[in-house]
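A short write-up of the structure that comes next.
The values are calculated or read from the model by the stated rules, or taken from the named source; none is laboratory data. Keep in mind the model is a prediction, meaning the values are calculated, not measured. Note that each Cβ is placed from the backbone with ideal geometry, even for glycine, and that neighbours are counted across all protein chains shown.
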Amino acid sequence: MKGFVRQHIGEIVLVGGIVTFVLILLFLQLRRFNLLGALAFDLGIYEQAAWQMAQGQPLFNTVRGTHFFGDHFRPIMFLFVPFYRLWAHPFWGKPLHWGWGLCPFTD
């Protein structure tokens, strides 16, 4: 076990840092939402799209009257659907989106 930790210490620290960053950002977003500091227009668009994806419904945006990807093209949101099904809250998107952007894609 010690050999594994020594051999992969960089990856362990990186993953720990990303997870910590995502959890802190999620906490801050939840705090802002609970203090009524969220911007409702875009939040409503993303919330509706996430809920529709989680329910397997078509992505029609009733706020704008268009398909969701016609206005906000973000196919990465499909990666967040499992998290949204666990806990349906409007701020899953931003912390996970930023955390995913921090992940290095190397061999």
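Quick rundown of the values:
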quantity: Filter result for Q52 (surrounded by 11 or more Cβ atoms within 10 Å (Cβ to Cβ), within 16 Å of H89 (Cα to Cα) and in contact with a Leu (Cβ under 6 Å, 6 or more places away or on another chain)); calculated: yes
quantity: Within the range 53-77, considering residues that are at pLDDT 80 or above and part of a loop (DSSP other than H, G, I, E, B), the one farthest from W87 (Cα to Cα); calculated: G65
quantity: Pairs, first among the hydroxyl-bearing types (S, T, Y) in the range 48-75, second outside any helix (DSSP H, G or I), C-beta under 9 Å, six or more apart; calculated: T66/F60
quantity: Output for the range 1-29, where each listed residue is surrounded by 15 or more Cβ atoms within 10 Å (Cβ to Cβ) and within 21 Å of R85 (Cα to Cα); calculated: V22, L25, L26, Q29
quantity: Residue list for the range 1-47, restricted to those being closer than 21 Å to A88 by Cα, part of a loop (DSSP other than H, G, I, E, B) and without any contact (Cβ under 8 Å) to a residue 12 or more places away in the chain; calculated: L35, L36, G37, L39
